[in-house]
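Notes follow the structure.
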């Protein structure tokens, strides 16, 4: 008969012998998962990275760093609710304050339109790391949203202090200064942005818009054109460049810009309306009428179009059609006013 005590002793020895091997295998698997997960993350393969970091957490459920990268992966995938859960887990298991977690939470709240919560997280990140460039920049954008331009200006100045080559901060500061009625100073910062990055279309667009506000249409055209050269399908640039040409009575150029804009967004009522005005200014009344009828096909309740079509028909000597459209405009006004009573 086999001695039971001897069997127990043998099993104990076997377990003692095997335990270090299991630990070693677990660590090896963990290291491999970390290497794979970080590689996926750095390459932008966030779905695969997410799955690897989940595997790491299954092997090491108290790894704050794994929760952080899992949260970042969820954020990159637009999975904001899950990202917030994992950022909070990262805070729970990190053994010291980590500014990037709060910044990540701020970004997630910002993506969900929760600006107050985003502001609070960015402030927490900055309280941990006063030189956190991205947190200052994003906090500045939140202050812009709240209309707190003085505070936004402070944050963008901080970004520039930390990194004088951050061209986005110069652009954002320029926009902020416009809202503070400091247009000349704004242009200086925006020009610094394009000096740092000559391919930065948004900054050229913003410079052009300020010149347009100042009625410096020559410079406005120059900078809108630079923005358009870099981004030929920019709808807003085509629209605004057309507006400037129209103000200069260069109707052919205005029409060309607006026609290109309508290829990108055929349903824009205002651009169709502007196009009809430009045609009328050139003496092309039939094209102007056609353009306004297109406006009415987009918005049948747009009363201004009825008045103007009537006027254009009157200019053509077609009083009957003019009266028809004026009557329709009057009826719409009566219906509208009746609905308000």
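No value in this document is a laboratory result; all are computed from the given coordinates. This one's a predicted model, so the numbers in the text were calculated from it and none came from an experiment. In this analysis, Cβ positions are derived from the backbone assuming ideal geometry, glycine residues included, and neighbour counts consider all displayed protein chains.
Numbers below:
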read-out: 0 to 90° range, to nearest 10: angle between helix 133-145 axis and the chain longest Cα axis; value: 40
read-out: Cα long-axis angle, helix 167-179 against the chain (0 to 90 degrees, to the nearest 10); value: 50
read-out: Computed over the range 44-163: relative contact order in percent, which uses C-alpha pairs under 8 Å that are six or more apart; value: 16
read-out: Ranked 149, 105, criterion: other C-beta atoms within 10 Å, fewest first; value: 149, 105
read-out: Sorted by Cβ neighbour density within 10 Å, fewest at the top, the residues 244, 154; value: 154, 244
read-out: Volume per residue that the Cα convex hull of the range 267-333 spans, once the total is divided by residue count, Å³; value: 63
read-out: For the chain, calculated [θ]222 nm from helices alone, where every DSSP H run of n ≥ 4 adds -39500 (n - 2.57); value: -26500 deg cm²/dmol
read-out: 79, 42, 72 arranged by Cβ crowding within 10 Å, fewest neighbours leading; value: 42, 79, 72
read-out: Of [x] -1.31; [y] -1.07; [z] -0.96, the label for log10 I(q)/I(0) by the Debye sum over Cα atoms at q = 0.13 Å⁻¹ derived from the coordinates; value: [y]
read-out: Angle in degrees between helix 319-340 and the longest Cα principal axis of the chain, rounded to the nearest 10; value: 50
read-out: Percent RCO, i.e. relative contact order, over the chain, from Cα pairs under 8 Å lying at least 6 residues apart; value: 5
